[in-house]
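Single-structure report; data block below.
The values are calculated or read from the model by the stated rules, or taken from the named source; none is laboratory data. Treat the numbers as computed from the prediction; the structure is a model and nothing was measured. When we count neighbours, we look across all protein chains shown, and the Cβ atoms used for this are built from the backbone with ideal geometry, even at glycine. To get the accessible areas, we keep the full protein, side chains included, count just its heavy atoms, and leave off ligands, DNA and RNA. Shrake-Rupley method; radii C 1.70, N 1.55, O 1.52, S 1.80 Å.
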Amino acid sequence: MKSRILKTVGLIAAMVSCIGMTAFAAPSPAASTVVTAVSSATDADGNAVNVSITSEIPAEYTQAVADIKTEAKLKEVLGSDFNANMTVADVKEVTAPEGAKFPLKITFAMKGVTASSKVQILHYNGSAWEKIDTTVADGTVTGTFSKLSPVAFVVDKTTLTSATGTATS
């Protein structure tokens, strides 16, 4: 009887531990840090441009997107800017209307970033990923593009905030 009670108590303790670990786990930056919209976009003359984003990446770029999500490719592309906390938070297909005058300065709304977050925008130029000069502010990231196609948003997970305003780890 005592053995049965101990086994039952042990099982309940294990279940409570599992539930506790799930409930108090830090949110995944890849899941909670996403680009939600284009806040603004201007062309070479400073005129507003209607830039659109989508998560649907054309088939021709599927392998390039899969590659940039690997640590090895991130190390290669980011070079000395890479650290072990870097991850691809989001990838978007970015398009501008026909005749848009490049370069385009685009500001993206991005959950979880603050002015002190470490974020790098990458652009796939058709043959390789390239770093885009990136400016970060509370809730936005900005880059200037000479052409458009898939854009990856790389973040240092330790510099993000959660919905409650606390740093994630």
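Of the strands (runs of 3 or more DSSP E) lying entirely inside the stretch 61-166, the ones with 2 or more residues being open to solvent by 50 Å² or more (accessible area, probe 1.4 Å) and under 30 Å from ASN47 (Cα atoms) are found at 129-132.
Taking SER40 as the residue in question, decide whether it is polar (S, T, N, Q), at pLDDT 65 or above, in a helix (DSSP H, G or I) and closer than 23 Å to VAL119 by Cβ. No.
Could you check, for the stretch 15-35, whether at least one of its residues is closer than 25 Å to ASP138 by Cα and at pLDDT 90 or above? Checked against the condition, which is being closer than 25 Å to ASP138 by Cα and at pLDDT 90 or above, the stretch 15-35 yields at least one hit. Whether a residue is surrounded by fewer than 20 Cβ atoms within 10 Å (Cβ to Cβ) and touching a residue at least 60 places away in the same chain (Cβ under 8 Å) was assessed, and SER40 passes this test.
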